[in-house]
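Undergrad: Input: one structure, supplied below.
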Amino acid sequence: MRRAIDAVWRLESARITAGLARLVRDVGLAEELAQDALVQALEQWPESGVPDNPGAWLMAVAKRRGIDRIRREQRYEAKLAEIGHRLETVEENAFDAVLDEGAIEDDVLRLVFTACHPVLSTPARVALTLRMLGGLATDEIARAFLVPEATVAQRIVRAKRTLAEADVPFETPVGADRAARLASVLEVVYLIFNEGYAATAGDALVRADLCLEALRLGRMLAGLAPGEPEVHGLVALMEIQASRTRARTGADGRPVPLAEQNRGLWDRLLIRRGFAALLRAQRIGAPPGPYVLQAAIAASHAQAASFAETDWRQIAGLYELLVRQTPTPVVELNRAVAVAMAEGPARGLEIVDALGPQLKDYHLLPSVRGDLLARLGRSAEARAEFERAAELTRNAAERQVLLDRAAAQ
């Protein structure tokens, strides 16, 4: 029964919290009311069974809890009296409308923009998104990111307090503000995906649960904002990258480089879904943004039957466009890899060496530099770079691969 309740909660939590937030105009209070309803479900459903409409049941319980809480917390009298009046006088069909597909989609989109508001720190946005939109419990988020549960709990509490103190409106942004806010949302989803796709710490390279949650959030967002090309671009990027999951680690759990991956293990369904999302982004007709460009790069890799047949000149050209839009050292490092494949390791090394001061503590810089030096026959220098990369990484599986590469020089 616990698994059944967990499954219902994952499906319904965002909808219920979003609907309540529209009514009470307080995201933190809405999330607490939804959690109270979940507790009651855990107490009652094992005996009574899962209701025919679990979402409506949870919403009704949350409504009653809200009224009780408002009456109880007199020290918030001014604010809560207004909310309590709204809850007590609203017609029953208004709560039915909260669960109506058309209305709830707008509410969930508002919740997405609120949970990912730039006023919050990045860790807070990630934790709040996974809690409110993913339905993950605090301990699940903590395990996923290898941090103490108390740390995650504090982030969530502080995030709600920050939203309340900043008086962040529960609304979908419009005009010039929308692009910046959407970028914040996409950043959070992609951060979740990347932590699952290439874990920054711990023993495992891949955390499939985080990848799946990010994909679910991305697909949901694409349904809520079908006219945003960057949303479809992000979904395309994640679908295609996720398609490589089975090929990215060997039987011993160690990372397998792209050049050595068995492409027969790539998930063709995810690749097709990624191509379809990329096509949707392109059909909108807007100039390609950073996520659309990254998706196009991923698609170029997916189209190649083998590593040797990859069109590296095309990929290097796409990275050139990406650097113009997102001129960060990490993007430039990725461009260096593509240029090295298209024009030779010496040319790539020139670009990498210029990035040294900016990425001195980033383990992938000496890793890439070691690979280029090895291709140029400069084995002793390559060994030193691989050893430095191993010192910098916090992922155990990746560290061992780097040490093995150093020993092979």
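Undergrad: For the structure I just gave you, tell me whether Leu215 is within 16 Å of Gly134 (Cβ to Cβ), in contact (Cβ under 8 Å) with a residue 40 or more places away in the chain and buried (at least 20 other Cβ atoms within 10 Å of the Cβ).
TA: no
Undergrad: Which one of the conditions (1) under 19 Å from Ala18 (Cβ atoms); (2) part of a helix (DSSP H, G or I); (3) of a type outside the set (Val, Ile, Thr); (4) modelled with pLDDT of 80 or more does Phe95 fail to meet, given that it meets all the rest?
TA: Unmet for Phe95, out of (1) under 19 Å from Ala18 (Cβ atoms); (2) part of a helix (DSSP H, G or I); (3) of a type outside the set (Val, Ile, Thr); (4) modelled with pLDDT of 80 or more: (4).
Undergrad: Given (1) on the phi < 0 side of the Ramachandran plot; (2) modelled with pLDDT under 90, identify the lone condition not met by Lys160.
TA: Single failed check for Lys160: (2).
Undergrad: Another one. Scan the stretch 141-175 residue by residue and report those that are of a type outside the set (A, V, I, L, M, F, W, C), closer than 26 Å to Ala7 by Cβ and free of Cβ contacts under 8 Å to residues at least 40 places away in the same chain.
TA: Arg143, Glu149, Arg155 - these are the residues of the stretch 141-175 that are of a type outside the set (A, V, I, L, M, F, W, C), closer than 26 Å to Ala7 by Cβ and free of Cβ contacts under 8 Å to residues at least 40 places away in the same chain.
The rows are residues; the columns are (1) at pLDDT 95 or above; (2) assigned to a helix (DSSP H, G or I); (3) out of contact with any Lys or Arg (no Cβ under 8 Å at 6 or more places or on another chain); (4) under 22 Å from Tyr197 (Cβ atoms).
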{"residue": "Arg369", "(1), (2), (3), (4)": "yes, yes, yes, no"}
{"residue": "Glu381", "(1), (2), (3), (4)": "yes, yes, yes, no"}
{"residue": "Ala384", "(1), (2), (3), (4)": "yes, yes, yes, no"}
{"residue": "Gln400", "(1), (2), (3), (4)": "no, yes, no, yes"}
{"residue": "Leu403", "(1), (2), (3), (4)": "no, yes, yes, no"}
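Undergrad: Consider the stretch 368-377. How many of its residues are crowded, with 17+ Cβ neighbours inside 10 Å and out of contact with any Pro (no Cβ under 7 Å at 6 or more places or on another chain)?
TA: Total satisfying the criteria: 6.
Undergrad: I've got another one for you. Restricting attention to the stretch 229-263, and to residues there that are acidic (Asp, Glu) and surrounded by 15 or more Cβ atoms within 10 Å (Cβ to Cβ), which single residue is farthest from Ala298 (Cα to Cα)?
TA: Glu230
Undergrad: Based on this model, can you work out whether Asp107 counts as in a loop (DSSP other than H, G, I, E, B) and modelled with pLDDT of 80 or more?
TA: No.
Undergrad: While we're on this one: Identify all residues within the stretch 283-321 that are β-branched (Val, Ile, Thr) and either assigned to a helix (DSSP H, G or I) or exposed (fewer than 15 other Cβ atoms within 10 Å of the Cβ) (or both); write none if there are none.
TA: Those that are β-branched (Val, Ile, Thr) and either assigned to a helix (DSSP H, G or I) or exposed (fewer than 15 other Cβ atoms within 10 Å of the Cβ) (or both): Ile284, Val292, Ile297, Ile315.
Undergrad: Restricting the search to the stretch 352-361, which residues are surrounded by fewer than 18 Cβ atoms within 10 Å (Cβ to Cβ) and either without any contact (Cβ under 8 Å) to a residue 24 or more places away in the chain or in contact with a Gly (Cβ under 9 Å, 6 or more places away or on another chain) (or both)?
TA: Correct list: Asp353, Ala354, Gly356, Pro357, Lys360.
Undergrad: Testing Leu365 on (1) closer than 21 Å to Tyr197 by Cα; (2) surrounded by fewer than 20 Cβ atoms within 10 Å (Cβ to Cβ), one condition comes back false. Which one is that?
TA: (2)
Undergrad: Which of (1) over 27 Å from the mean Cα position of the chain (by Cα); (2) buried (at least 22 other Cβ atoms within 10 Å of the Cβ) does Ala60 not meet, given it meets every other one?
TA: (2)
Undergrad: Now a separate question. Across the stretch 133-156, which residue is surrounded by the fewest Cβ atoms within 10 Å (Cβ to Cβ) among those that are touching an Asp or Glu at 6+ places or on another chain (Cβ under 6 Å) and under 21 Å from Thr114 (Cα atoms)?
TA: So the residue we want is Thr138.
The values are calculated or read from the model by the stated rules, or taken from the named source; none is laboratory data. Remember, predicted model here, so these are calculated numbers, not experimental data. Glycine also receives a Cβ, built like all others from the backbone with ideal geometry; neighbour counts cover every protein chain displayed.
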